[in-house]
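J.: Take a look at this one; I'll ask things after.
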Amino acid sequence: MPKKQQYRFCVGPWNFSTGQDPYGPAVRRDESFDWKLAQLKTLGFDAMMFHDDDAVPDIDSKSPAQVLREAKELKKRLDGEGIVAEMVAPRLWFAPQTVDGGYTSNDPKHRRYAIDRSRQSIDIANVLGTDVLVLWLAREGTYMREAKSGARSVELLVEAFDAMLKHDKKIRLAIEPKPNEPMDHAYLPTIGHALAIAQKTRDPKRVGCVIESAHAILAGLDPADEIDFVMSFGKLWSLHLNDQNGLKFDQDKPFGSANLRVAFNQVRALERNGYGKNGEFVCFDVHPFRTTTEDRWLQHLDNSRRTFDHLVEKAKSYPEKEAAKLIADRNYQDLDQLVIEHLLGVR
Ligand code: XUL
Ligand code: MN
């Protein structure tokens with residue numbers, strides 16, 4: 001394995017969720033933003049991710065000047081806590097204008113809203129001191145395929161990305177693919193799609209990716225392969241580690257919770273490719289189980305981080321020579337058991 005690397009950790013305010021789901025209300029009392037911010041250092045995290053309206057609540061009711069004023073105030077609070085803003089992401093999927101998607105909506109007024117709001121998110125990112133704009137394209141797809149033209153949607157996505165790249169010469173767009181939910185099918189379901197559409201934009205070098213473990217699993221892919229693939233293009237600019245138990249709703253389970261071996265392989269891929277060496281963060285896009293009580297509210301974050309650290313140790317202590325010998329002999333049967341017993345700590 002390559003030489004030692006230091007990881008830095010990150011989380012978003014939405015990861016302190018109160019347990020609300022489509023079938024029931026919140027089960028934990030919400031805490032203030034300041035409280036959430038203060039927890040990061042105690043957890044050993046260095047950065048926070050922001051949707052535009054995490055940074056500036058009720059953003060659509062405020063003037064552009066007011067939005068920037070509030071972003072500046074937030075930057076001061078972050079500096080005071082010694083926390084970095086890792087990224088900003090336009091939260092387009094709540095607004096009435098994006099019921100049928102933002103950039104790919106059939107309504108030109110709504111497409112304009114989505115692009116304007118994305119440009120404003122870039123302005124917020126500038127104030128917060130990050131050059132990464134994350135685009136989780138929540139409603140850029142359809143509930144039924146006859147509703148939109150797939151070919152036109154590709155053009156509209158490129159137009160939207162070009163408008164963002166033009167708005168700011170330094171901003172990097174990090175596309176976070178997810179194949180479904182809330183839509184039946186999304187237009188950019190995998191890392192391969194994100195990399196391919198990057199090539200059609202005015203500045204492909206500034207269009208890269210975020211991998212979320214659960215999203216790759218929902219696409220029927222191995223997140224470790226997605227990591228290796230995108231890192232061979234030098235385009236993994238952020239990472240949302242979590243876990244997902246098969247093809248269900250997006251579960252955002254603690255890292256390693258459903259499949260420790262898949263988690264191990266993700267960590268090996270990160271180590272192998274030197275993730276973090278250009279300042280990238282390891283973010284945990286995880287949520288507490290709904291049953292979690294308020295006194296255990298931070299556990300899913302701490303646990304994900306602990307599992308990650310243990311798996312880094314497992315990656316470093318993996319018996320490479322023994323494994324190489326088995327690979328040379330094409331003895332994958334014993335290689336399989338080698339991995340299992342290494343993870344079980346019995347060899
Ligand atoms: C949705 C998801 C988002 C993005 C940020 O599945 O993962 O929280 O990470 O918009
Ligand atoms: Mn995510």
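The values are calculated or read from the model by the stated rules, or taken from the named source; none is laboratory data. These figures come from a predicted structure and were not determined experimentally. When we count neighbours, we look across all protein chains shown, and the Cβ atoms used for this are built from the backbone with ideal geometry, even at glycine. We work out accessible area using only protein heavy atoms, side chains counted, and drop any ligands, DNA or RNA first. Shrake-Rupley method; radii C 1.70, N 1.55, O 1.52, S 1.80 Å.
J.: Provide the descending list of Cα extents for the stretch 1-142 along its principal axes, expressed in whole angstroms.
T.: So the extents along the principal axes, rounded to whole Å, are 49, 41, 37.
J.: Lys pairs in the stretch 139-271, Cα-Cα under 30 Å, at least 8 apart or on separate chains: how many?
T.: Lysine pairs meeting both conditions in the stretch 139-271 amount to 27.
J.: Could you go through the stretch 173-179 in sequence order and give the Karplus-derived ³J(HN,Hα) for each residue, using 6.51 cos²θ - 1.76 cosθ + 1.60 with θ = phi - 60°, rounded to whole Hz, and x for Gly and Pro?
T.: So the Karplus estimates, Gly and Pro as x, are 9, 10, 7, 10, x, 8, x Hz.
J.: What Cys residues in the chain have no fellow cysteine's beta-carbon under 4.7 angstrom?
T.: Cysteines of the chain left without a disulfide-compatible partner: 209.
J.: Once amide H atoms are built 1.01 Å from N in the peptide plane, which residues 5 or more positions from residue 142, or in another chain, come under 5 Å H to H?
T.: 184, 185
J.: Using only Cα atoms, what Kirkwood radius does the stretch 93-176 have, in angstroms? If you can, show how the numbers build up before the last one.
T.: Details: mean 1/r = 0.0760 Å⁻¹.
The Cα-based Kirkwood calculation yields 13.2 Å.
J.: How much space per residue, in cubic angstrom, does the convex hull of the C-alpha atoms of the stretch 257-317 take up?
T.: Details: hull volume 5.3 nm³, N = 61.
It is 87 Å³ per residue.
J.: With runs of 4+ DSSP H residues as the only contributors, calculate the mean residue ellipticity of the chain at 222 nm using -39,500 (n - 2.57) per run, divided by the residue total and rounded to the nearest 500.
T.: On the way: 12 runs with 148 residues, N = 347.
Helices in the chain give a 222 nm mean residue ellipticity of -13500 deg cm²/dmol.
J.: What is the Cα convex hull volume of the chain when expressed per residue in Å³? It would help to have the intermediate numbers written out before the result.
T.: Numbers: hull volume 52.3 nm³, N = 347.
Convex hull of Cα atoms, per residue: 151 Å³.
J.: Calculate the radius of gyration of the Cα atoms of the stretch 154-305 to one decimal place, then report Dmax, the largest Cα-Cα distance, as a whole number, both in Å.
T.: So, for the stretch 154-305, Rg and Dmax equal 16.1, 49 Å respectively.
J.: Relative to the compact globular guide of 2.2 N^0.38 Å, what is the alpha carbon radius of gyration of the stretch 82-124, as a ratio? Please list the in-between numbers first.
T.: Details: Rg = 12.1 Å, N = 43, 2.2 N^0.38 = 9.2 Å.
Taking the Cα Rg and dividing by 2.2 N^0.38 Å, one obtains 1.31.
J.: Also, quick follow-up: Under a 1.4 angstrom probe, counting protein chains only, how are 136, 93 ranked by accessible area, largest first? Before the final figure, lay out the partial values.
T.: Numbers: 136 60, 93 35 Å².
Descending accessible area places them as 136, 93.
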